[in-house]
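Step one of this worksheet: look at the structure below.
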Amino acid sequence: MKHDVATPERLVVAARKLFADNGFDRASVRAITRAARANLGAITYHFGSKDRLRDEVLARIVGALAARLETVAALPLPATTRVRRIVQSVFEHAAEHPDAPRLLVRFLLHTGRLPAPVLDRQRVLLGSAVRVVQDGIAAGEFRPVDPFLAAFSILSQCIWFHLIRGVAAQINGAALERPEGAAAMADHITDMINRALAPEGAP
């Protein structure tokens, strides 16, 4: 039984690394099971297929961030402060899991669609940001906007800035790839978002 519990976890860890390094198609079942120290039929036995193993990898990535943002959205703080916490949380998650944004973008570029387990968690993730925007509108902190599009913009900017940090550092020589660079990016995004959502006439 201990072996059965450990094997799926090893498969997820091995698959995540190989998917990030090589892409989904080029990460073969043989390579994943070899890296996981499992027999060739382990993926089918535990997950049903390589696609379902991929779905589990992606669902864990999105699920961990979704749980983080749910906690932030529920905080009894002004919406502007919670926007800052959301942005910081995305950057912190990306720092702890540097392969996560790349894996998600690679998958979306490859398929254009999210599998159901990932989509469910993505809805929770976006729902938390939507809630914060709605609270801000209701409290007069934000002007009336489409909450979903505003939430989508917040999260998209975080992911894009994280992905492009290396290129941005090459262009201007700034230390954007270091922790202080990530913090500067998070501050910039927060400032841009809160200013964009501010009611007309706000200072």
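In what sequence do T7, T81 fall when counting other Cβ within 10 Å, fewest first? Mind dumping the intermediate values first?
Working: T7 19, T81 15.
Ascending number of Cβ neighbours within 10 Å: T81, T7.
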Whole Å is fine, so just give me how far the alpha carbon centre of the range 7-54 lies from that of the range 103-166.
28 Å
Cα-based helix-to-principal-axis angle, 100-111 vs the chain, degrees rounded to 10
80 degrees
Past the 15 angstrom mark, what percentage of all C-alpha to C-alpha distances in the range 1-48 do you count?
36 percent
Checking rank on 23-29, 83-89, with mean other Cβ inside 10 Å and highest first, the result is 83-89, 23-29
Dividing the mean separation of Cα pairs under 8 Å (6+ apart) by the residue count of the range 1-124 yields a relative contact order in percent of 27 percent
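So what is the diffusion coefficient of the range 50-197 in µm² per second by Stokes-Einstein at 4 °C and 1.567 mPa s, using a Kirkwood Rh over Cα pairs?
82 µm²/s
Rule-based calculations on the coordinates, nothing more; no lab input. This is a predicted model, so every value here is computed, not measured. Note: ideal-geometry Cβ built from the backbone for every residue, glycine included; neighbour counts use all protein chains shown.
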